[in-house]
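The values are calculated or read from the model by the stated rules, or taken from the named source; none is laboratory data. What you are looking at is a predicted structure, and each value in this text was computed from that prediction instead of being measured. Glycine also receives a Cβ, built like all others from the backbone with ideal geometry; neighbour counts cover every protein chain displayed.
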Amino acid sequence: MNVATIDLTRRFGRTAAVDGVNLDAGPGVYGLLGPNGAGKTSLLRMLATVIPPTSGRIRLLGQDPGVHGQRRQIRRRLGYVPQSLGFYPGFTVVEFVEYFALLKEVPPAQVHRAVAAAVERVDLGDKARAKLRTLSGGMLRRVGIAQAIVNDPQLLLLDEPTAGLDPEQRIAFRALLRDLGQQATVIVSTHLVEDVGAACTQVALMDQGKIVFRGTPDELTARGDGTTAAGDAPLERGYSAVLAAARS
Ligand SMILES: Nc1ncnc2c1ncn2[C@@H]1O[C@H](COP(=O)(O)OP(=O)(O)OP(=O)(O)O)[C@@H](O)[C@H]1O
């Protein structure tokens, strides 16, 4: 398993943002759904080794992120797109992605090719030498994705990556996720259920810090069958039905 958590919990004061999550994930694309404040970002931040858990256990890529040497090895093989990434406005696209390649200790001889490949994969080849301050919001999102994939990660964590992408880019991005998920574990938090239906092999639904559903997108859809759950699409009705059941 690339990700294994046992009773993973993260508190902020009295709030249990993540409350006893047990998760196993091998290669594939996993959608993480849930309402605002469900704990998705906090869970992803722990998996990205950005914040430590309050209690519980995590193993990532067979290593313990609580141990310095192992955490460093995880970070070399990890990609993370946070909800808002700080961009240095005076950097070009290539300089920015290269900076992350160096942080992730991509071997120097491979950096040039890895950066060019990541920039091409997000369809920004024609903007490679443009300064970040001149790019649109959607293009910056794609730069954020390029930095995350530059080290060919075995674990890729994306927090609402399609926010701000136009429809054409979202479709291309889902194809990229499916491709990356052949080898890597890709966990993508999103509010867009179309993204889950189109790109994910598995879906987890969080509510109030807990995972209240785990299964395939079709299984989530089936939860809405024959119910009066709200939603314009079948997957949305499944989502609403599971949340209503979890809260009843
Ligand atoms: N740094 C923090 N300090 C205090 N409380 C926090 C912090 N980060 C998150 N929380 C709280 O933890 C809970 C879970 O927040 P989190 O951002 O993980 O949810 P989310 O599912 O990602 O929400 P959204 O869909 O709105 O992004 C919320 O109640 C939030 O207010």
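For first residues located in segment 172-197 and charged (D, E, K, R), partners that are not in a loop (DSSP other than H, G, I, E, B) and lie 6+ apart or on another chain with Cβ distances below 6 Å form the pairs 174/198; 174/199; 178/199.
Evaluated against (1) within 12 Å of the ligand (Cβ to nearest atom); (2) under 29 Å from residue 141 (Cβ atoms), residue 14 falls short on exactly one condition, (2). With respect to residue 198, is the statement that it is over 22 Å from residue 79 (Cα atoms) and either within 16 Å of the ligand (Cβ to nearest atom) or of a type outside the set (Ser, Thr, Tyr) (or both) true? When the stated conditions are applied, residue 198 does not pass them.
Looking only at helices (runs of 4 or more DSSP H) that lie completely in segment 62-180, which have at least 2 residues being at pLDDT 95 or above and away from the ligand (no atom under 16 Å from the Cβ)? Write out each step before concluding.
On the way: elements: 68-76, 93-103, 108-121, 137-149, 167-180.
Where helices (runs of 4 or more DSSP H) fall fully within segment 62-180 and carry at least 2 residues being at pLDDT 95 or above and away from the ligand (no atom under 16 Å from the Cβ), they are 68-76, 93-103, 108-121, 137-149.
The lone criterion from (1) away from the ligand (no atom under 16 Å from the Cβ); (2) farther than 23 Å from residue 246 by Cα; (3) in contact with a Lys or Arg (Cβ under 7 Å, 6 or more places away or on another chain) left unmet by residue 6 is number (2). Of note, residue 212 satisfies the criterion of being assigned to a strand (DSSP E or B), surrounded by fewer than 21 Cβ atoms within 10 Å (Cβ to Cβ), within 16 Å of the ligand (Cβ to nearest atom) and of a type in the set (Val, Ile, Thr). Residue 148 meets the conditions (1) over 12 Å from residue 96 (Cα atoms); (2) aliphatic (A, V, I, L, M); (3) within 15 Å of the chain's Cα centre (by Cα) in every case but one. The failed one is (1).
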